[in-house]
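Visitor: Shown below is the structure under consideration.
The values are calculated or read from the model by the stated rules, or taken from the named source; none is laboratory data. Computed from a predicted structure; not experimentally measured. When we count neighbours, we look across all protein chains shown, and the Cβ atoms used for this are built from the backbone with ideal geometry, even at glycine. The area values use the complete protein model at the heavy-atom level, side chains included, leaving out ligands, DNA and RNA. Shrake-Rupley method; radii C 1.70, N 1.55, O 1.52, S 1.80 Å.
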Amino acid sequence: MTAYLNDPEIWQESWDRQQEAFMPDREHRFAAMLDAVAAVTEGRPPRLLDLAGGTGTITLRTLARFPGAEVTVLDQDPVLLTIAGSSLRDRATVIDADLGDPGWRAKLPAEASFDAVLTATALHWLPAERVSALYAEIREVLRPGGIFANADHMPEESLPILSGKLRDHARVKREARYATGASTSWPEWWARVAADEQLAAKAVERARIYPAKDHDQEWLPPAAWHVDALRSAGYSEAGVIWRGGTDAAVAALR
């Protein structure tokens, strides 16, 4: 059995490479969201919530771009939180909370008021009614004028045929990367986690939280659905700030 958690940057890099095989333009969405954060904070270090932040991917990029940023990572996955805690150490606050539970905000620092809340490729695991409610809950932890952004799989509803072709094209390229060993697939990555002596127990815990039979139901509405839901949740404005193929990032101002 391996043990790489003493060098957490290795797991961070491994996670990034696995995710980039699925989303080659992954960094573009992060850059677009952080550009929006810079615009609303006028360049000063933001107070930012990395929602469903996993290993702290957005957090690391925020800290690199905005030295002095105050960042909180919130997630429920015990494996990803362990990697986040090991690599971020005292550079960010790491919180274990379930976004499926409306009480998740109670886990945040007292009287939390963030300049920005960002999330990426995570909320599609939640049902429609929960996402709508969550958008309103997120608004309540933003300061007036603060920004929320969500980057995820959001097909363009006016291009159903082209969207299908884009997905097929991306799948062929992705499978070629897996076949040649250029990238690690999602199942392979989790198999390596389960084989690591420092993460194996967390993988068992994760399996209890996310039973396989319940964790394969993605809900992927178009970006227009998200924009409408954000407006209904009371944000002053909402719209698309980035698109890459069948993925997009929507943003809203409180």
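Visitor: Any idea which of (1) under 30 Å from Glu70 (Cβ atoms); (2) open to solvent by 20 Å² or more (accessible area, probe 1.4 Å); (3) in contact with a strand residue (DSSP E or B) (Cβ under 9 Å, 6 or more places away or on another chain); (4) part of a helix (DSSP H, G or I) is the one Arg192 doesn't satisfy?
Guide: (1)
Visitor: Which of (1) within 26 Å of Gln198 (Cβ to Cβ); (2) in contact with a Leu (Cβ under 6 Å, 6 or more places away or on another chain); (3) open to solvent by less than 10 Å² (accessible area, probe 1.4 Å); (4) of a type in the set (A, V, I, L, M, F, W, C) does Ile95 not meet, given it meets every other one?
Guide: Unmet condition: (3).
Quick grid of which residues meet (1) touching a residue at least 60 places away in the same chain (Cβ under 8 Å); (2) part of a helix (DSSP H, G or I); (3) buried (at least 19 other Cβ atoms within 10 Å of the Cβ); (4) out of contact with any strand residue (DSSP E or B) (no Cβ under 8 Å at 6 or more places or on another chain):
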residue: Arg29; (1), (2), (3), (4): yes, yes, yes, no
residue: Leu49; (1), (2), (3), (4): yes, no, yes, no
residue: Gly53; (1), (2), (3), (4): yes, no, yes, no
residue: Ile58; (1), (2), (3), (4): yes, yes, yes, no
residue: Thr62; (1), (2), (3), (4): no, yes, yes, no
residue: Thr72; (1), (2), (3), (4): no, no, yes, no
residue: Val79; (1), (2), (3), (4): yes, yes, yes, yes
residue: Ile83; (1), (2), (3), (4): yes, yes, yes, yes
residue: Leu99; (1), (2), (3), (4): no, no, yes, no
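Visitor: Of the conditions (1) within 20 Å of the chain's Cα centre (by Cα); (2) of a type outside the set (A, V, I, L, M); (3) open to solvent by 30 Å² or more (accessible area, probe 1.4 Å), Asp247 satisfies every one except a single condition; which number is it?
Guide: Of everything listed in (1) within 20 Å of the chain's Cα centre (by Cα); (2) of a type outside the set (A, V, I, L, M); (3) open to solvent by 30 Å² or more (accessible area, probe 1.4 Å), Asp247 misses just condition (3).
Visitor: Moving on to the next point. Can you tell me which residue in region 150-170 is surrounded by the most Cβ atoms within 10 Å (Cβ to Cβ), limited to those that are out of contact with any Phe, Trp or Tyr (no Cβ under 9 Å at 6 or more places or on another chain) and assigned to a strand (DSSP E or B)?
Guide: Asp152
Visitor: Which members of region 101-111 meet the condition of being touching a helix residue (DSSP H, G or I) at 6+ places or on another chain (Cβ under 8 Å) and either surrounded by fewer than 14 Cβ atoms within 10 Å (Cβ to Cβ) or assigned to a strand (DSSP E or B) (or both)?
Guide: If the condition is that a residue be touching a helix residue (DSSP H, G or I) at 6+ places or on another chain (Cβ under 8 Å) and either surrounded by fewer than 14 Cβ atoms within 10 Å (Cβ to Cβ) or assigned to a strand (DSSP E or B) (or both), then Pro102 is the only one that fits.
Visitor: Are any residues in region 112-141 open to solvent by 50 Å² or more (accessible area, probe 1.4 Å) and under 14 Å from the mean Cα position of the chain (by Cα), and if so, which ones?
Guide: Of everything in region 112-141, just one residue is open to solvent by 50 Å² or more (accessible area, probe 1.4 Å) and under 14 Å from the mean Cα position of the chain (by Cα), namely Trp125.
Visitor: State whether the residues of region 34-46 include one that is open to solvent by 30 Å² or more (accessible area, probe 1.4 Å), under 16 Å from Arg139 (Cα atoms) and modelled with pLDDT of 95 or more.
Guide: Checked against the condition, which is being open to solvent by 30 Å² or more (accessible area, probe 1.4 Å), under 16 Å from Arg139 (Cα atoms) and modelled with pLDDT of 95 or more, region 34-46 yields at least one hit.
Visitor: Within region 3-19, is there a residue that is farther than 19 Å from Arg143 by Cβ, in contact with a strand residue (DSSP E or B) (Cβ under 9 Å, 6 or more places away or on another chain) and buried (at least 19 other Cβ atoms within 10 Å of the Cβ)?
Guide: Here is the first cut: in region 3-19, the ones farther than 19 Å from Arg143 by Cβ are 3-19.
Okay, now just the ones that are also in contact with a strand residue (DSSP E or B) (Cβ under 9 Å, 6 or more places away or on another chain), so 3-5, 11.
Now restrict to residues that are buried (at least 19 other Cβ atoms within 10 Å of the Cβ): 11.
Yes: one or more hits.
Visitor: Checking Arg177 against (1) touching a helix residue (DSSP H, G or I) at 6+ places or on another chain (Cβ under 8 Å); (2) open to solvent by 70 Å² or more (accessible area, probe 1.4 Å), which test does it fail?
Guide: Here Arg177 clears every test but (2).
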